[in-house]
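Chemist: Please read through the structure below; I'll follow up with questions.
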Amino acid sequence: MGQRYPFRFPGTAHNPGMARERTTAWTPRAIPFGFLIALLGAWVIVAALIGPAFNFGFFSDASWNFSTKQWETQLIPGIVAVVGGLMLMTPARGGGAVGALLAFAAGAWLIICPIIYPLWSSGSIEPYGTEGMKALRWIGHFYGPGGLILFCAGYAYGLFARRTVVQDTEVAAEPQRQRTVTAGT
């Protein structure tokens, strides 16, 4: 089980018999997902900038090409995914859920950007190379990392969902133990 940080509701004295505790949003179980999201975001950036040196460029064979098309389609979502993954790994109150949402937005952008990019630009997104290499480039640059980031971000966000906190409490009038179940917030 992960660490729990008790939260006391304002205006109430701490009473061990009261089952009004909730946990903060961060949980150590989100660390592997944050790390994987950060790695996938770094992959998107590296594939865009250094991939052409290894014949894995998407738009051209030019390495370190900072074109507007690359910024809008790959570099910004990659940076957002790295930031979201790092936020998932740090125990800031509320930062984990925001990090998961940032990572979710980056993954969604990698999936839908190739489809909607022609709506605001004057051109389409087409990889170069043979048909087999085109398929590998689509999967390696956009759909593969985007899908994995979406999956990890959704799972990590689920870790921050409202949980039921079960707390064993002793009732003062009776020597037996009573189990109290409350909805955690």
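The values are calculated or read from the model by the stated rules, or taken from the named source; none is laboratory data. Quantities reported herein were computed from a predicted structural model and do not represent experimental measurements. Here Cβ is always computed from backbone atoms with ideal geometry, including for glycine, and neighbour counts include all displayed protein chains. Surface areas here come from the heavy atoms of the whole protein model, side chains and all, with no ligands, DNA or RNA. Shrake-Rupley method; radii C 1.70, N 1.55, O 1.52, S 1.80 Å.
Chemist: Looking only at segment 59-84, filter to residues that are farther than 22 Å from T130 by Cβ and assigned to a loop (DSSP other than H, G, I, E, B); which one of those is most open to solvent (accessible area, probe 1.4 Å)?
Modeler: Within segment 59-84, the match that is most open to solvent (accessible area, probe 1.4 Å) is W64.
Chemist: Just the residues that are open to solvent by 90 Å² or more (accessible area, probe 1.4 Å) and at pLDDT 90 or above, please, taken from segment 149-183.
Modeler: Hits for segment 149-183 are F151, Y155.
Results for (1) in contact (Cβ under 8 Å) with a residue 40 or more places away in the chain; (2) open to solvent by 60 Å² or more (accessible area, probe 1.4 Å), shown as yes or no for each residue.
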{"residue": "F104", "(1), (2)": "yes, yes"}
{"residue": "I111", "(1), (2)": "no, no"}
{"residue": "P114", "(1), (2)": "yes, no"}
{"residue": "S121", "(1), (2)": "yes, no"}
{"residue": "I125", "(1), (2)": "yes, no"}
{"residue": "E131", "(1), (2)": "no, yes"}
{"residue": "K134", "(1), (2)": "no, no"}
{"residue": "R137", "(1), (2)": "yes, no"}
